[in-house]
Amino acid sequence: MTMDVRYGGSPADYPLYATERLRAEYLVEGCFRPGEVRFTYTHIDRMIVGGAVPAGAALRFGDGAAVGTPRFFDAREMGIANLGRAGSVTVDDQRFDLANRDILYVGRGAHEVVLESAEAGHPARFYMNSVPAGADHPHRLIRKAEAKVLTLGDPAKANVRSLAMYVHPEVAPSCLLLMGITDPASGSIWNTMPPHLHERRMEAYCYFEVAPDDRVMHFMGRPEATRHLVVADGDVVLSPAWSIHMGAGTGPYAFVWGMAGENQAYTDVAPVAIVDLR
């Protein structure tokens, strides 16, 4: 297991960043490497994002040295999304089989997590979000069919999309974590429209199902001083509460969104009109 650390930045400083500095602070690359568990700890709401690809032997983690506690889950919860082929996650003595786009919620207090692929030659691809937790909730597997799906957008604006809520009070409660998957419809390129701010919640985006020769243009920053990141398949964007977030793909794509903060209310947002962006 590896753990990178990011510190984020001030909204007053990021307009001065050149491309490489912006990517170094807010873009996580290389999450999915066969035979490895790779985590990135961001001081933005202390979220951890990570990926694991069990290509042969099982992968496991649970030690808390990297987060300052005896065990990883002593004060944390996690969502694990399978973005690859069939696999399993064993949490202590409980085994959960995950198909593509199933998400497992792991509650506070777990000792060890073991990740496996059903077939080594066709591995699972596990994406993980972990945030601090001050309450106990049971582990729960949320299958794709159990997610609550909202259809949003307008074909004329090329922003029709389906938003599937998995770790959410209406589906599977947690302490602070929210997690789900969004798919733009065929012919639509934009996500998260209109752009908005939610001052009490940060967000992380893991873009996937992006073809090798395509990219997603992810727009971030204060509304009056926007910047962009060019994002490839499997890359993760760390989006601070002070930043807008919206993206457009050069081809089909999807993304896993994870949130953490002081509340879980989707209505706690401040929309930003497109004409006000700079």
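The values are calculated or read from the model by the stated rules, or taken from the named source; none is laboratory data. Just so it is clear, the model here is predicted, and its values are computed rather than measured. Virtual Cβ from ideal backbone geometry, glycine too; neighbours counted across all protein chains shown. Side chains included, ligands, DNA and RNA excluded: accessible areas come from the protein's heavy atoms. Shrake-Rupley method; radii C 1.70, N 1.55, O 1.52, S 1.80 Å.
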query = When all protein chains stay in place, what accessible area (Å², nearest 10, 1.4 Å probe) is found for Met217?
reply = 60
key: CD proxy at 222 nm, helix term only [per DSSP H run n ≥ 4: -39500 (n - 2.57); per residue of the chain; nearest 500]   = -1000 deg cm²/dmol
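Nearest-5 percent of antiparallel DSSP beta bridges in region 1-75? Could the numbers behind the result be given before it?
On the way: 6 of 12 bridges.
Counting DSSP beta bridges with both partners in region 1-75, the antiparallel share is about 50 percent.
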key: Most to least accessible of Arg215, Arg201, Arg21 (protein chains only, probe 1.4 Å)   = Arg21, Arg215, Arg201
query = Of all DSSP beta bridges located in region 152-259, what percent are antiparallel, nearest 5?
reply = 95
ask   = Size of the dipole of region 144-278 about the Cα centre, Lys and Arg at +1 and Asp and Glu at -1 on the beta carbon, nothing else charged, in debye to 20?
value = 180
key: Projected label distance in nm at Ser162 and Ala57, using a 7 Å step from Cα toward the beta-carbon   = 4.0
message = Please give the charge dipole size of region 36-140, origin at the Cα centre, charges +1 on K and R Cβ atoms and -1 on D and E Cβ atoms. Round to the nearest 20 debye.
response = 240
